[in-house]
1. Using the basic label-point model (7 angstrom from Cα toward the beta carbon), what is the residue B:193 to residue A:12 distance in nanometres?
2. Can you list which of the GluC sites (Glu not before Pro) found in segment B:300-374 are DSSP loop residues with at most 14 other C-beta atoms within 10 Å?
3. Could you bin all the Cα-Cα distances of segment B:247-344 into 5 Å bins starting at 0 and give me the percent of pairs in each, rounded to whole numbers?
4. Ignore the peptide's own chain and count Cβ atoms of other chains within 10 Å of each Cβ in A:46-53; give me the average, rounded.
5. Just to confirm the filter: which trypsin sites (Lys or Arg not before Pro) across segment A:21-100 are DSSP coil and have at most 14 other Cβ within 10 angstrom of their Cβ?
6. So what are the ³J(HN,Hα) numbers for segment B:164-173, from phi and the Karplus equation (6.51, -1.76, 1.60; θ = phi - 60°), rounded to whole Hz, Gly and Pro as x?
7. Against the longest principal axis of chain B, how steep is helix B:401-427, in degrees 0 to 90 to the nearest 10, with axes from Cα atoms?
8. Rounded to the nearest 0.05, what FRET efficiency do residue B:60 and residue B:260 give with R0 = 22 Å and r taken as the Cβ-Cβ distance? Could you check?
Amino acid sequence: MLSLTWFLGLSAILFTIGTIGVLTRKNAIVIFMSVELMLNAVNLTLVSFSSFMGDIHGQILVFFSLCVAAAEAAVGLAIIIAIFRNNHTVDITKIKLLRW
Amino acid sequence: MELLHDINLYLPGTIIAIAGLVVMMLSAFNADHKTVYWTSILFTAVALVRSFADLFVTQTEVFHNMAAVGGIASFGTFIILTGTLFTLLLCYDYFEKVGNYHSEVYAIILFATVGMVVLATATNLVTVFLGLETMSIALYVLAGVVKSDKRGIEAALKYFLLGAFSTGFFLYGIALLYGAAGSTSLADIGAVTEKGLIYWAGVSLLLTGFFFKVSAVPFHMWTPDVYQGSATPITGYMATAAKSAGFISLILILSRALDTSVEQWSEVFKVIAVLTMVFGNIIALVQTNVKRMLAYSSIAHAGYILVGLAAGTPEGYTAVQFYLFAYTLMNIGAFGVIAYYERYKGADLTELDNYAGLGFEKPLMAVVLSIFLFSLAGIPPLLGFAGKYLVFAAAVQADMILLAVIGVLTSAAAAFYYLRVMVYLFMKPAVKDIKLAPVGGIYTSVIVILALLTVVLGVMPWTIADILATF
């Protein structure tokens, strides 16, 4: 059986990929996908901790985080659609009415 | 029966949750604006009275130690509900004027308030997460609630992307702390003795998530854009109630779960507090838009609050609670007056140039705005001064004299940009012929009540400080 470190390492790598994606991409939908990747990496951490400690609470928390991610997706995609209607683009470098 | 007992103890949150559902149903049946407005205000007022009564009960925990009642948690609920009530009262006139009113606004405000109440009372990382997300998701919607306003939608997008990003860090922090402590309860995390890499990584990620939500430098990038783009009463709501909920939750986590690592995080808080105060105030100096200026000022105020947290003492926490209450009253008032000035169609009246000579057009509003701005600048004997005094005194008591000195200096510099608004209002000749719209009776009285509270409680700060001292 693999040790806990492998699982934590994998989720840390996934989380980093997600973070880099958010920071470097320009398309709002791709950024949003990267955020989802980050959240799922965290879910992996939670599940592996939960399984290795024999404690059920971590897995319950994953359900909560899935629900929150779904709610966030619903609101987020609605906002992105509204942006597309107004600006005919979802490229965040071209959405710049507000700047100092 | 235990559940009913707990629900009774947790009544303010429960009432607001029911109110949200009721108002949502009312909008589904096409109730008119007045009905929706008064229903939400009635429920919130009842919850507010109950949360005030809760300030004097013995502190206990409900729902299997998931949430706290009494003490800091109840005072947090009280601040949040005060902010919500005044915001709701200001909403009617504003949305009637914008002409783009959806009755769902009230339901979403109430749902956001439920999230804030849960966040401010949470004693388990699961409830912290749920409260924070309920609040944030509702606020993303509120930022873009005026769909015809391009800037509002842009604000919503920026808020959403950066908010979701910070949620990732926050949740990772929770997961790692869960791994380090074997439990998500704040008390169990406080009992951790073996502090390895996982523990410290968890603490830092969790705090990063919080710094995002309370807009501390360097995690503040979203704040000016979101505050400028959102509908003005909603901006006031975000800047006060949402921020208070975040800070109260931070106090609960710091005092219950991270009490044993106070030397380490106190250093981090010092650095962040200095950055936030200096950066927020300096950028605010050069703003030409009043709403954006208040957004940077709200970053600076987060810095003053972080000074109180950096002290890491009970006095510091008490000072922070007082400060949050003071900040809620004066900032909702300031945004309320700005929302009123915005009512002239065709001109972007949030630009400072347009304020020239407005002071004599409607003297009452201009005088009241001056009171709020003086209070934000921390000029005695107003409420803002008492708040700043307590926060800096707590820092001095904890031997952080340099931090307090930087705080006092930056808040002296801040007086410049607050006073500049008054110079425009009263001392510059009007350049444009701007006729202000008549003010509704409720709107005026709400703003005047807020101003009175700012003055009266500022003269008698012990009325609140005495309650806080019993926690």
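Every number in this text was worked out from the coordinates using simple rules, so none of it is lab data. Only a predicted model underlies this, so the values are computations on that prediction, with no experimental measurement involved. Here the Cβ is made from the backbone with ideal geometry for all residues, glycine too, and neighbour counts use every protein chain on show.
1. Those two pseudo-labels are separated by 2.6 nm.
2. Working: sites: B:315, B:342, B:351, B:361; in loops: B:342, B:361.
Here the sparse-neighbourhood loop sites are B:361.
3. 3, 13, 20, 20, 17, 12, 8, 5, 2, 1, 0
4. Per residue, the number of nearby Cβ atoms from other chains is 3 on average.
5. Details: sites: A:25, A:26, A:85, A:94, A:96, A:99; in loops: A:25, A:26, A:96, A:99.
Answer by residue number: A:26, A:96, A:99.
6. Going residue by residue, I get 5, 4, 5, 4, x, 4, 4, 5, 5, x Hz, with x marking Gly and Pro.
7. On a 0 to 90 degree scale, this one is about 20.
8. Working: r = 24 Å, r/R0 = 1.07.
According to the calculation, E is roughly 0.40.
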